[in-house]
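A short worksheet on the structure shown next.
Derivation of every value follows stated rules applied to the coordinates shown; laboratory data play no part. Values in this document were obtained by computation on a predicted structure and should not be read as measured data. Quick reminder, even Gly has a Cβ in these numbers, built from the backbone with ideal geometry, and neighbours come from all protein chains shown.
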Amino acid sequence: MPTPPRVNAYQPNVSPVPSSSFARLVGLGGLVAGIGGRLAVGAVHQVASGNRPNLSDLLLTPTNARKVTQQLSQLRGAALKMGQLISMDTGDFLPREVAQVFAQLRADADHMPPQQLRGVLDTAWGKGWISHFARFDVRPIASASIGQVHRAQTKDGRDLAIKVQYPGVRGSIDADVSNVAALLRLSGMVPGALDLAPMLAQARAQLHEEADYLREGAQLAQFGSLLAQNPAFLVPKLHSDLSSPNVLAMDFIDSHPIEDMATAPQADRDRVITLLIRLIMDEFFRFNLMQTDPNFANFRFAPVTKQIVLLDFGATRSFSPDLAPQFRAMLAATDRVAIDQSARAIGYFDTTTAPNMQTALVDMMQMALAPLQSDQPFDFATTDLLHRLRDRGLALGTGGDFAHVPPMEVLYLHRKAAGLFLLAHRLGARIPLAPLLAEYQ
């Protein structure tokens, strides 16, 4: 009977996943207590030096950031998932050394030891499952927030990537979301007047969906069907006979991280980003089905066929039927009145929003729309557009009198678009955007 490959005794990134609610609470509670202790010591030092303590400066230190990333990487699950999203959203306005530490959250997480892995697979497939495989690599090829991925070959010749969910993740989502929200409040990264309750409820709902691998498998198959006639993209085939709520089996596709394209010729980089812009437009305007997770790891590049490989469909969602026409109107708006009307229809602000805040939001929208309405190539590598928008957004959020939150489906759309913008910046793409968008008017 085949046996899993022997694992080296020393593996620096192996740690058991805390699967009980108590163990996870202790982990996050210890994190908060440790940060609180360092906060008190730092405040005493500042007072002794004749300075007035600043809460944000005391909290957002490299030491605290390192402790947060280490703890979240060990906890995994919803806690790590939220940390990854926060690190993408805040990286450009945190202190550089803090942002560099938080960026580690988007690298591979710790992976579970072989004994814990075997327990999950025994539950999913029954004991003796290894007899169906010619090869099963115990060391994962990727470790993420909710699960880790292993390469395997079955005896009937299938070359597979098998995603295995960490034990206890699904049952810990609600508590993890609440605990991370408490950390955000403590850090001062969230305006005090902002009502987090609707966003937290949506975060919990989405994370529960992402933890259902049967649902993800169905979305994987649906995207494969939608893109079957598009030779630019490659979606792995689902293998439902080996899939379950905690295990997802799909084709293994030999490919490279999409960021590796940063050293490719300019034309190749432009082609990749053009294809991904068309994809997000197709998802929103034609499919009404979008993979909303902006993690770069969800896009890979197959150098032999020059196809873009699409992965991870856990965060796939559809939108309200009115939203696409409303955004079409927004994209076509060329004056402040039309932008204001579109913004109200979408839900960026309402009659309770202060007039000065409405004006500031329309200013931001004009700024964002300008490159989308130009026929000239937009240089993602050199633009400071995202920084300017975030500076203005921060000013709105910290003003204390703006607590309106757009619909969550709009925020999901923003996150996907912002992630694509960051990828285009990373690859240094130069593309005229107006002709691309005109295809969808």
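Worth a mention:
- Size of the stretch 323-438 as Cα extents on the principal axes (Å, biggest first): 40, 29, 24
- Cβ-based exposure ranking for Thr123, Thr353, in which fewest neighbours within 10 Å come first: Thr123, Thr353
- Those chymotrypsin sites (Phe, Trp or Tyr not before Pro) in the stretch 286-373 that DSSP places in a loop and that have at most 13 other beta carbons within 10 Å: none
- Sequentially through the stretch 245-257, phi angles give Karplus couplings (6.51, -1.76, 1.60; θ = phi - 60°) of x, 10, 9, 10, 10, 8, 4, 7, 10, 5, 7, 10, x Hz, Gly and Pro residues having no value and appearing as x.
- Lys163, Lys237 arranged by Cβ crowding within 10 Å, fewest neighbours leading: Lys237, Lys163
- Burial ranking of peptide ranges 302-308, 145-151 (average Cβ count within 10 Å, highest at the top): 145-151, 302-308
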